[in-house]
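The structure appears right after this line, and notes come after that.
The values are calculated or read from the model by the stated rules, or taken from the named source; none is laboratory data. Here the structure is a predicted model, which means the values were calculated and not measured. Glycine also receives a Cβ, built like all others from the backbone with ideal geometry; neighbour counts cover every protein chain displayed.
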2 protein chains.
Amino acid sequence: MPPATDETLARLEGLGHRATGSRRAVLDAISLKHAPFTVEDICEAAPGVGRATVFRTMKLLQDLELVCRLPLGDGGVRYEVSRSEHHHHLICSRCGAVTEFSDPELDALIVTNARREAFRLDSHSLELYGLCAACSAAPNALRNP
Amino acid sequence: MPPATDETLARLEGLGHRATGSRRAVLDAISLKHAPFTVEDICEAAPGVGRATVFRTMKLLQDLELVCRLPLGDGGVRYEVSRSEHHHHLICSRCGAVTEFSDPELDALIVTNARREAFRLDSHSLELYGLCAACSAAPNALRNP
DNA sequence: CTACATGCAAATTGTTTGCATAGTT
DNA sequence: AACTATGCAAACAATTTGCATGTAG
């Protein structure tokens with residue numbers, strides 16, 4: 001995953017938004033994240049950028065569909081870079097790690113269900129909770145994403 | 001769905017918790033709800049019970065697995081009575097209605113995916129977003145659960 | 001009577017907003 | 001220069017907690 005920042009900035013500008021230093025910093029921080037991250041993560045990774053600006057930038061990126069909000073079962077919220085491929089999440093209850101998987105067959109079945117209920121499906125989210133491979137193997141690891 | 005309150009109170013007591021007036025009121029309010037509800041809904045339905053107590057009671061009921069938290073995509077949170085049957089949600093982006101569906105085949109596929117990732121699955125949640133049948137038919141209904 | 005539960009208000013936490021200033025184009 | 005974005009602090013909303021009092025068992 002290349003910094004992607006340049007491409008993204010271009011896209012921002014194309015839509016009438018400005019390529020500012022703060023946005024650059026936030027985008028750089030995001031591009032370094034391999035897994036879903038919190039607003040707090042970004043604030044730490046981009047010191048000097050105000051919290052409010054991070055929130056505003058996240059909202060902007062959501063509107064541009066460059067990032068998407070991921071509300072976890074415990075009430076916390078993370079964000080992740082939108083990838084073109086649709087996917088779902090495996091959330092470890094012990095260490096908090098969030099990983100992904102995808103399965104076209106599963107998606108197809110979901111569409112079928114929506115249709116059965118006469119529901120006009122826009123999007124969906126599927127989260128699996130439990131223990132990741134590492135945690136179920138090492139029962140005494142410390143909690144840390 | 002009978003008031004269920006008596007049965008529930010018995011269960012509470014069995015676990016060393018007390019069957020107080022406030023809990024009774026909250027349980028009565030919950031038992032009347034047909035669809036997922038908010039804490040606010042309960043506060044309104046059980047006036048005289050403090051907000052803090054409603055929150056405390058909800059947490060207690062969650063621990064007892066009598067109720068489960070349902071974090072919506074827009075950041076809101078609802079609760080619903082735990083039914084024995086596992087199910088998923090259809091959430092209408094227009095009117096906010098939350099309905100349910102279930103599909104054993106879908107659940108089986110989910111288990112398969114978890115196994116493939118060496119993930120020890122405890123639970124999962126699946127939410128479909130879009131327009132419910134009513135809203136996609138009547139494009140100008142008002143927003144209201 | 002004793003321990004647990006409640007209400008209220010204060011404390012947190014997470015997020016949004018108003019406004020004067022700094023930064024982009 | 002014109003207009004947008006930022007930072008900070010205040011405003012908010014949702015949820016939690018401390019504590020004196022009420023109450024179920």
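Name the residues in the range A:1-54 that are within 9 Å of DNA strand C (Cβ to nearest atom), outside any loop (DSSP other than H, G, I, E, B) and hydroxyl-bearing (Ser, Thr, Tyr), would you?
Correct list: A:22, A:53.
Please work out if residue A:24 is more than 14 Å from the chain's Cα centre (by Cα) and within 11 Å of DNA strand D (Cβ to nearest atom).
It is true that residue A:24 is more than 14 Å from the chain's Cα centre (by Cα) and within 11 Å of DNA strand D (Cβ to nearest atom).
Mind checking which residues of the range A:75-113 are away from DNA strand C (no atom under 16 Å from the Cβ), among the aliphatic types (A, V, I, L, M) and under 20 Å from residue B:71 (Cβ atoms)?
Within the range A:75-113, A:90, A:91, A:97, A:110 meet the criteria.
I'm trying to understand the selection: among the residues of the range A:107-119, which are of a type in the set (D, E, K, R), surrounded by 12 or more Cβ atoms within 10 Å (Cβ to Cβ) and part of a helix (DSSP H, G or I)?
A:107
A quick yes/no check of all residues on (1) of a type in the set (D, E, K, R); (2) away from chain B (no Cβ under 12 Å):
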{"residue": "A:82", "(1), (2)": "no, yes"}
{"residue": "A:85", "(1), (2)": "yes, yes"}
{"residue": "A:98", "(1), (2)": "no, no"}
{"residue": "A:101", "(1), (2)": "no, no"}
{"residue": "A:105", "(1), (2)": "yes, no"}
{"residue": "A:113", "(1), (2)": "no, no"}
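I'm told residue B:109 meets every condition in (1) facing chain A (nearest Cβ under 8 Å); (2) within 13 Å of the chain's Cα centre (by Cα) except one. Can you identify the failing condition by its number?
With respect to (1) facing chain A (nearest Cβ under 8 Å); (2) within 13 Å of the chain's Cα centre (by Cα), residue B:109 is out only on (2).
Take residue A:70 and decide whether it is in a strand (DSSP E or B), aliphatic (A, V, I, L, M) and outside the structural domain of residue A:135 (by TED's automatic domain parsing).
So residue A:70 passes the test.
I'm told residue B:122 meets every condition in (1) charged (D, E, K, R); (2) surrounded by 15 or more Cβ atoms within 10 Å (Cβ to Cβ); (3) part of a strand (DSSP E or B) except one. Can you identify the failing condition by its number?
It is condition (2) that residue B:122 fails.
Go through the residues of the range A:41-64 one by one and say whether even a single one is at pLDDT 90 or above, aromatic (Phe, Trp, Tyr) and either in the same structural domain as residue A:138 (by TED's automatic domain parsing) or more than 16 Å from DNA strand D (Cβ to nearest atom) (or both).
no
Output the number of residues of the range B:73-103 satisfying the condition of being surrounded by 16 or more Cβ atoms within 10 Å (Cβ to Cβ) and assigned to a strand (DSSP E or B).
12
Only residues that are charged (D, E, K, R) and either away from DNA strand C (no atom under 16 Å from the Cβ) or in contact (Cβ under 8 Å) with a residue 24 or more places away in the chain (or both): list them for the range A:55-74, please.
Within the range A:55-74, A:65 is the sole residue that qualifies.
Of everything in the range B:7-16 that's surrounded by fewer than 16 Cβ atoms within 10 Å (Cβ to Cβ) and either at positive phi or near DNA strand D (Cβ under 9 Å from one of its atoms) (or both), which residue is farthest from the chain's Cα centre (by Cα)?
The residue in question is B:16.
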